[in-house]
Amino acid sequence: MSTTPPRDRDLLGLSGRIVMVTGAGRGYGRFIAHAYGRNGATVVTVDPDVELATGVASEVEALGATAIPIRGDMSVVLDVMTTFEKIEELFGMLDGIVHVTTAESKTAFVELLEGEWYDLLNADVKSSLYVLQQGLRYLSGGGFVTLVLPPLHREQPHVAAIRGAVTGLIEGATRIFPSNVRVNGVVPSRDPSSEEYDQALVRGTIGLGSMVSEGIRGQVMEVLLPEPPQPPELYDLLRELP
């Protein structure tokens, strides 16, 4: 008789599930796609850059899972509709969605221009709205939507406004979604670093998509991530030379 302990995928109930991860080409999206693959899910990697989406799908398959890449910009309604239609055509169903927002802005609040503000709204608020709208349609049989909000360390008022808007969408969607579809969010403390140092966020996102979180709805959880080690300064490297 085998003495191999049960795999995490059996404990979490993710084996065979169809999970779509947006922004999968880099950063948190890439790490989350890997984690769902490790836990037995079939992963649909969605990214505006099809080469990045394809590369991550190949990485997930190398872990022993099934992955399908789709080029899609979730801030463009036609892309969103096409993405979900392709998933329906391929699988006929969808069990979960992880949507990664970014609100990448290093502009000081007093220097923010209208164009950048609208870009931020499009990238994160519109995309979250579209994903939730389609999620209500394609997850009506049960499932989850987890949104990864812009990091807390971005304290500019315009980024805080984006977080607030996405949080409001989570709260509103929870009120109208059927009880068997749970909508939650996670807020990392910082920008993505590496898969090694971002595991707390990855585990939280996996947990919200697993059966251990059944009944948890409308929650937005802050995730404190460790700071990765900084590379040594040039001066320190020179001091170590013989």
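The values are calculated or read from the model by the stated rules, or taken from the named source; none is laboratory data. A quick note: this is a predicted structure, and the numbers were derived from the prediction, not measured. Glycine gets a Cβ as well: all are built from the backbone with ideal geometry, and neighbour counts include every protein chain shown. Accessible surface areas use protein heavy atoms only, side chains included; no ligands, DNA or RNA. Shrake-Rupley method; radii C 1.70, N 1.55, O 1.52, S 1.80 Å.
Each of E155 and R26 was given a label point 7 Å from its Cα along the Cα-to-Cβ line. The distance between the two points is 2.6 nm. Taken along the Cα-to-beta-carbon direction at a fixed 7 Å, the label points for S194 and E85 span 4.3 nm. Computed with a 1.4 Å probe on the full set of protein chains, the accessible area for E59 sits at about 70 Å². Going by accessible surface with a 1.4 Å probe and the largest first, T66, T45 read T66, T45.
Under a model in which nothing but the beta-carbon of Lys, Arg (+1) and Asp, Glu (-1) is charged, the range 153-225 shows a dipole of about 300 debye around its Cα centre.
Accessible surface for the chain, divided over its residues, is 51 Å² per residue with a 1.4 Å probe.
Ignoring ligands, DNA and RNA, what percent of the 1.4 Å accessible area of the chain is carbon and sulfur?
55 percent
The distance between label points at A108 and V76 comes to 3.5 nm (points 7 Å beyond Cα on the Cα→Cβ vector). Once the Kirkwood radius over Cα pairs is known for the chain, the Stokes-Einstein relation at 25 °C and 0.890 mPa s delivers a diffusion coefficient of 132 µm²/s. The amide H of M221, built 1.01 Å from its N in the peptide plane, has G185, V186, V187 as neighbours under 5 Å, considering only residues 5 or more places off or on other chains.
Other residues within the sphere of radius under 11 Å centred on the Cβ of G27, judged by their own Cβ, net out at -3 (K and R +1, D and E -1). The relative contact order of the range 26-161 comes to 22 percent, based on Cα pairs under 8 Å that sit 6 or more residues apart.
May I ask for the percentage of alpha-carbon pairs in the range 46-121 that lie more than 21 Å from each other? Here the tail beyond 21 Å accounts for 42 percent of pairs. For the range 45-140, trypsin sites (Lys or Arg not before Pro) are listed when DSSP marks them as loop and at most 13 other Cβ atoms sit within 10 Å of their Cβ; the list is K106.
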